[in-house]
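**Q** Handing you this structure, nothing more for now.
The values are calculated or read from the model by the stated rules, or taken from the named source; none is laboratory data. All values derive from a computational prediction rather than experimental measurement. Counting neighbours? That spans all protein chains shown, and the Cβs are built from the backbone with ideal geometry, glycine included. Please note that ligands, DNA and RNA were not included when accessible areas were found on the heavy atoms of the full protein model with its side chains. Shrake-Rupley method; radii C 1.70, N 1.55, O 1.52, S 1.80 Å.
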Amino acid sequence: MQLARVIGEVVASVKDVNLAAATLLVLQPLSASGEPAGRTLVALDSVGAGVGETVFFVRGREAAFPFYPAEPPTDATIVGIVDHWSTE
Amino acid sequence: MQLARVIGEVVASVKDVNLAAATLLVLQPLSASGEPAGRTLVALDSVGAGVGETVFFVRGREAAFPFYPAEPPTDATIVGIVDHWSTE
Amino acid sequence: MQLARVIGEVVASVKDVNLAAATLLVLQPLSASGEPAGRTLVALDSVGAGVGETVFFVRGREAAFPFYPAEPPTDATIVGIVDHWSTE
Amino acid sequence: MQLARVIGEVVASVKDVNLAAATLLVLQPLSASGEPAGRTLVALDSVGAGVGETVFFVRGREAAFPFYPAEPPTDATIVGIVDHWSTE
Amino acid sequence: MQLARVIGEVVASVKDVNLAAATLLVLQPLSASGEPAGRTLVALDSVGAGVGETVFFVRGREAAFPFYPAEPPTDATIVGIVDHWSTE
């Protein structure tokens, strides 16, 4: 998983039927020091996250797990809202 | 998922039988600010997208989901046409 | 798999129900020479690892295997604590 | 998928039993402008491609699909030979 | 798949139970010209490879296939020992 900041939202009228109810958020991944790290991406939300929040998200096949038994065609899904994190 | 612009099309007479009906589009991924970001790739289309449109696409195992129960050997599929997106 | 050092922990009250019991650790991947190599990430722990330890972790679909039959939405899981490693 | 040029072949006497009949080709991925883009890799062939040809290949779990019901341990497989492609 | 040189071994007393019998090797991926290319990683061995040998390995979900019906949590497995390879 990676830490990220929710920085925006995508509006798409024409999309896969299994994404009809999906919220499409734009994420900026963050390093452990809280700096932007890597390319922005579009993720589904499964925990009620919104713009401005710090979250962590999962990539790949597991990105569909939170929606089980539905199987939306997603490769990135927010699975938690971060309260805080520590580093050495 | 990633935002991308459809910039071309691939013609291939010899291809996997499960790609026979597929439209193969060339995508340029975009950053959240709309700039080209990362390498071009070839994706299948599942929503009727065409050259010049802004779309979002899914990578990996989920790229075959929109074609279920068919299972084309694809690792990238367009799953939505973007109307617009916002960023902070 | 990759070698990594556990450098921190993430606290998240709101998260996927299948992550309720999960320990979320921050990892810094390491090269074969023991230097930081690549971006930090968040991983689940399956072996009792803690901050300061050197571990190896698995990415992707297999990251859920150690928790079978549970299927937490994880794309990175610590699967071993490293005693030592050799290189030519 | 990505465009690529077939630039060589790998000979391996000792290999996984499910790769016994496989042709192992060396690929150089190409950008949309036809330039080398990214690292070379080894891929299986499923369409009769040979050295010097321009192809497109699929990565990941879907790379085994063309060989169904066999499941060779492959993460990259050529699934088409490119006649030509256009870009804006 | 990628070409790689086996450059070391990892010793880990505490690890996932499905890795108990596994040999954990350190790999340096190689380009088609035989130069180091990309980050070192830890892979399982399925073909009897040892330090100093040139191999090719598979990443992702397929990395567990050589161990079927066992499903070790691996995302990288050596599936062949390279005799030689050619490039244009």
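**Q** Within segment D:47-65, count every residue that is modelled with pLDDT of 95 or more and among the acidic types (Asp, Glu).
**A** Here the count works out to 1.
**Q** Right, here's the next one. Could you tell me whether segment C:68-79 includes any residue that is at pLDDT 95 or above, among the aliphatic types (A, V, I, L, M) and in a loop (DSSP other than H, G, I, E, B)? Please lay out each step first, then the result.
**A** Initial filter on segment C:68-79 (at pLDDT 95 or above): C:72-79.
Still in the running and among the aliphatic types (A, V, I, L, M): C:76, C:78-79.
Now drop any that are not in a loop (DSSP other than H, G, I, E, B), which leaves none.
Within segment C:68-79 (the criterion being at pLDDT 95 or above, among the aliphatic types (A, V, I, L, M) and in a loop (DSSP other than H, G, I, E, B)), the answer is no, since none of the residues qualifies.
**Q** Out of (1) among the hydroxyl-bearing types (Ser, Thr, Tyr); (2) facing another protein chain (nearest Cβ under 7 Å); (3) touching a residue at least 24 places away in the same chain (Cβ under 8 Å), the odd one out for A:Ser13 is which?
**A** The failed condition is (3).
**Q** Cβ contacts < 8 Å: first residue touching a residue at least 40 places away in the same chain (Cβ under 8 Å), restricted to segment E:29-45; second residue open to solvent by 10 Å² or more (accessible area, probe 1.4 Å) and not polar (S, T, N, Q), any location; separation 6+ or different chain. Result?
**A** From segment E:29-45, the pairs are E:Ala32/D:Ile7; E:Ala32/E:Trp85.
**Q** List the residue pairs whose Cβ atoms are under 7 Å apart, where the first residue sits in segment A:74-86 and is more than 12 Å from A:Phe56 (Cβ to Cβ), the second is open to solvent by less than 10 Å² (accessible area, probe 1.4 Å) and not in a strand (DSSP E or B), and the two are 6 or more positions apart or on different chains.
**A** If the second residue must be open to solvent by less than 10 Å² (accessible area, probe 1.4 Å) and not in a strand (DSSP E or B), the pairs left are A:Thr74/A:Ala63; A:Thr74/A:Ala64; A:Thr74/B:Met1; A:Thr74/B:Glu62; A:Asp75/A:Ala63; A:Asp75/B:Met1; A:Asp75/B:Glu62.
**Q** Name every residue in segment C:35-46 that is away from chain A (no Cβ under 11 Å), open to solvent by 30 Å² or more (accessible area, probe 1.4 Å) and either modelled with pLDDT under 95 or over 17 Å from C:Leu19 (Cβ atoms) (or both), in order of residue number.
**A** C:Glu35
**Q** I'd like to know if segment B:36-46 contains one or more residues that are β-branched (Val, Ile, Thr) and within 23 Å of B:Val11 (Cβ to Cβ).
**A** Applying the first criterion (β-branched (Val, Ile, Thr)) to segment B:36-46 yields B:40, B:42.
Next, only the ones that are within 23 Å of B:Val11 (Cβ to Cβ) stay: B:40, B:42.
Yes.
**Q** In addition: Considering segment A:22-34 alone, what residues qualify as being open to solvent by 20 Å² or more (accessible area, probe 1.4 Å) and under 16 Å from A:Ala63 (Cβ atoms)?
**A** A:Ala22, A:Thr23, listed by residue number.
**Q** How many residues, within segment D:62-88, are open to solvent by 60 Å² or more (accessible area, probe 1.4 Å) and more than 7 Å from every other protein chain (Cβ to nearest Cβ)?
**A** So the count comes out to 2.
**Q** Here's something else I'd like to know. For segment D:48-61, which residues satisfy the criterion of being within 20 Å of B:Thr77 (Cβ to Cβ) and either of a type in the set (Ser, Thr, Tyr) or surrounded by fewer than 24 Cβ atoms within 10 Å (Cβ to Cβ) (or both)? Steps first, answer last, please.
**A** Within segment D:48-61, the first condition is being within 20 Å of B:Thr77 (Cβ to Cβ), and the residues that meet it are D:55-61.
Residues satisfying the conditions are D:Arg59, D:Arg61.
**Q** What number of residues within segment C:15-39 satisfy the criterion of being farther than 23 Å from C:Thr87 by Cβ and polar (S, T, N, Q)? Full working, then the answer.
**A** Filtering segment C:15-39 down to residues farther than 23 Å from C:Thr87 by Cβ leaves C:15-26.
Still in the running and polar (S, T, N, Q): C:18, C:23.
Counting residues in segment C:15-39 that are farther than 23 Å from C:Thr87 by Cβ and polar (S, T, N, Q) gives 2.
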